[in-house]
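FYI, it's all coordinate maths here, none of it is from the lab. Since this is a predicted model, take the numbers as computed values, not measurements. As a convention, Cβ positions derive from the backbone with ideal geometry for all residues, glycine included, and neighbour counts pool all protein chains shown.
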């Protein structure tokens, strides 16, 4: 009987050693050290702005059909972003946070010739303001802690479209450049959004850690409310394009724990 208990103890010690070597044991010390933390991150997003790209491409084709060969617009779907988060570790398993992020991207197309000059600018931007909750599973790697994060809040979406151009005419045989287009649209809208992430925190030095996250944001904003100015005359119009800021977000940053 003594040999059996001895074998069981030996097996238990062996299993613990294997788990420690593999890092699959709970690490409560990190949760004790991080009652409160602030993180700043930079990342890259792949957004569902295909409808906006298609509208820009259509506009370029339209100007080419009018005899003004503008180049194609670059895509607005890929863009860097910046984010910040304040987190309170309520228990070892649960943390609450306040999250904010911002991105902006501008693309242009133009033509400059003796017959006409045209400049087209388009931009999109968005600000996320969210509350989140994170869950830390029991099994954690040895060198870092991973978590599942869910955020809900509001996205403040904005877009601009600007077109300025002149065209050559010959009244009386003299070439004169006359206004061809002068318009600017400023669009905006606030919409409820949600995001889901998988993240990990790895200690770097005392009170400093590295945070990496990857996830998906749901933010189907739809048509934006616009303030349009054409040759100095203002009007209010909704955008003719559906905006969808949903997409995959990946980021890495540095945090400070208190």
Quiz item: Looking at residue 131, is it assigned to a loop (DSSP other than H, G, I, E, B) and farther than 30 Å from residue 237 by Cα?
Solution: no
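A quick yes/no check of all residues on (1) closer than 30 Å to residue 109 by Cβ; (2) in a strand (DSSP E or B); (3) touching a strand residue (DSSP E or B) at 6+ places or on another chain (Cβ under 7 Å):
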| position | (1), (2), (3) |
| --- | --- |
| 143 | no, no, yes |
| 149 | no, yes, yes |
| 152 | no, yes, yes |
| 162 | yes, yes, yes |
| 168 | yes, yes, yes |
| 181 | yes, yes, yes |
| 190 | yes, yes, yes |
| 194 | no, yes, yes |
| 226 | yes, yes, yes |
Quiz item: What tally of residues in region 60-87 results from selecting those that are closer than 17 Å to residue 213 by Cβ and either without any contact (Cβ under 8 Å) to a residue 12 or more places away in the chain or surrounded by fewer than 16 Cβ atoms within 10 Å (Cβ to Cβ) (or both)?
Solution: 4
Self-check item: Residues of region 121-158 classified as touching a helix residue (DSSP H, G or I) at 6+ places or on another chain (Cβ under 7 Å) and closer than 30 Å to residue 181 by Cβ, total
Solution: 2
Quiz item: Could you count how many residues in region 114-144 are surrounded by 12 or more Cβ atoms within 10 Å (Cβ to Cβ) and over 21 Å from residue 212 (Cα atoms)?
Solution: 12
Quiz item: Hey, among 100, 45, 40, which residue is surrounded by 15 or more Cβ atoms within 10 Å (Cβ to Cβ) and part of a strand (DSSP E or B)?
Solution: 45
Self-check item: Out of 111, 102, 90, sole residue that is free of Cβ contacts under 8 Å to residues at least 24 places away in the same chain and in contact with a strand residue (DSSP E or B) (Cβ under 8 Å, 6 or more places away or on another chain)
Solution: 90
Quiz item: List pairs: first in region 38-50 and in contact (Cβ under 8 Å) with a residue 24 or more places away in the chain, second surrounded by fewer than 13 Cβ atoms within 10 Å (Cβ to Cβ) and outside any strand (DSSP E or B), Cβ under 9 Å, 6+ apart or cross-chain?
Solution: 38/258
